[in-house]
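Below is one structure, written out as structure tokens; the observations come after it.
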Amino acid sequence: MTNNIYFIANWKMYGSTTSLNSLNKLINLSRLKKYKRARIIYFPPFTLIKDFVTKFKKTKISVGAQNCHQIENYGSFTGSISAKMLKDLGCNYVILGHSENRMSGETDFDINKKILSAINKNLKIIFCIGETIKEKKNKLTHYVLKKQINNGLKNVKNFKNIFIAYEPVWSIGTGIIPTKKELENNVSKIKKLLAKKTKLKLQILYGGSVNSKNLSNLRNISGINGFLVGSASQNTKNFIDIIKKTIN
Ligand code: PEP
């Protein structure tokens, strides 16, 4: 991997105000010259966003949210948070299209509206795509990637804030990762699909059971610019190990 390397920490529905103490070591690491290529971005639950923004204030670590509502400003949507509200909190990023949200009913159509709202509010978007195990077994992976990209990015004119996270659903939280050949093939397909939409070279991340033990199989995959890490990022020591083993 060359240039900047992205390390996304998705804390899902975990963490409390006491979890922030563990981040000091990571802040120290982020200041070392050796790791200046590391672009670290935390996605805590909504409840901790403000604390994370404050904690990382004098660092180059960014903060994002794990989802947002499709209406970009304000509205009568009980329990929802808009892109405008995230921006107001100090967020610079949002994850959209995560498979855990797709599984609870979020459609490509909803995701597209959310992406457009986040673009309007100048948030950077980690757009998650990936096939389920059934789709993989039925050799539908490329079909699914095409559908998710075309539907999710419909009417998008400005791609500069879009990152793609390729996350095979069968790999998330299972400890199973794709083979090098499989991953490179799917990443290359994603790049071809994106090239039809924009001249910009979007950052492509891989997500799915990344940990410090399997990193040696992932760090040399051509075409990827970093990792979206779920469970292993919730333990700061593990997350630091991932960063160290990627940039050594
Ligand atoms: C994720 O939350 O997107 C993810 C990849 O989780 P995990 O690393 O736990 O598989």
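Among the residues of the stretch 21-79, write down those that are under 19 Å from TRP11 (Cα atoms), touching a residue at least 40 places away in the same chain (Cβ under 8 Å) and of a type in the set (D, E, K, R).
Of everything in the stretch 21-79, those that are under 19 Å from TRP11 (Cα atoms), touching a residue at least 40 places away in the same chain (Cβ under 8 Å) and of a type in the set (D, E, K, R) turn out to be LYS25, ARG39, LYS50.
So, of the residues in the stretch 50-85 that are out of contact with any Cys (no Cβ under 6 Å at 6 or more places or on another chain) and in a helix (DSSP H, G or I), which turns out to be surrounded by the fewest Cβ atoms within 10 Å (Cβ to Cβ)?
Of everything passing the filter in the stretch 50-85, THR54 is surrounded by the fewest Cβ atoms within 10 Å (Cβ to Cβ).
When you check ILE204 against the structure, is it surrounded by 18 or more Cβ atoms within 10 Å (Cβ to Cβ), closer than 18 Å to ASN10 by Cβ and either within 12 Å of the ligand (Cβ to nearest atom) or at pLDDT 95 or above (or both), yes or no?
Details: surrounded by 18 or more Cβ atoms within 10 Å (Cβ to Cβ): yes; closer than 18 Å to ASN10 by Cβ: yes; either within 12 Å of the ligand (Cβ to nearest atom) or at pLDDT 95 or above (or both): yes.
Against the criterion (surrounded by 18 or more Cβ atoms within 10 Å (Cβ to Cβ), closer than 18 Å to ASN10 by Cβ and either within 12 Å of the ligand (Cβ to nearest atom) or at pLDDT 95 or above (or both)), ILE204 qualifies.
Out of everything in the stretch 213-237 that is crowded, with 19+ Cβ neighbours inside 10 Å and small (Gly, Ala, Ser), what residue ends up being nearest to the ligand (Cβ to nearest atom)?
GLY230
Collect the residues in the stretch 172-185 that are in contact (Cβ under 8 Å) with a residue 12 or more places away in the chain, surrounded by fewer than 22 Cβ atoms within 10 Å (Cβ to Cβ) and within 16 Å of LEU145 (Cα to Cα), keeping them in residue-number order.
Once the filter is applied, which keeps residues that are in contact (Cβ under 8 Å) with a residue 12 or more places away in the chain, surrounded by fewer than 22 Cβ atoms within 10 Å (Cβ to Cβ) and within 16 Å of LEU145 (Cα to Cα), the stretch 172-185 yields only GLU184.
Of everything in the stretch 1-39, what is surrounded by 16 or more Cβ atoms within 10 Å (Cβ to Cβ), closer than 21 Å to TYR166 by Cα and hydroxyl-bearing (Ser, Thr, Tyr)? Give them in sequence order.
TYR6
I need a count of the residues in the stretch 204-248 that are closer than 22 Å to SER22 by Cβ, among the hydrophobic types (A, V, I, L, M, F, W, C) and either in a loop (DSSP other than H, G, I, E, B) or free of Cβ contacts under 8 Å to residues at least 12 places away in the same chain (or both).
Taking the stretch 204-248 first, the residues closer than 22 Å to SER22 by Cβ are 207, 209-213, 215, 226-247.
From the residues that got through so far, the ones that are among the hydrophobic types (A, V, I, L, M, F, W, C) too are 210, 215, 227-229, 232, 239-240, 242-243, 247.
Those still in the list that are either in a loop (DSSP other than H, G, I, E, B) or free of Cβ contacts under 8 Å to residues at least 12 places away in the same chain (or both) too: 210, 247.
Residues that pass the stated criteria total 2.
The values are calculated or read from the model by the stated rules, or taken from the named source; none is laboratory data. These figures come from a predicted structure and were not determined experimentally. As a convention, Cβ positions derive from the backbone with ideal geometry for all residues, glycine included, and neighbour counts pool all protein chains shown.
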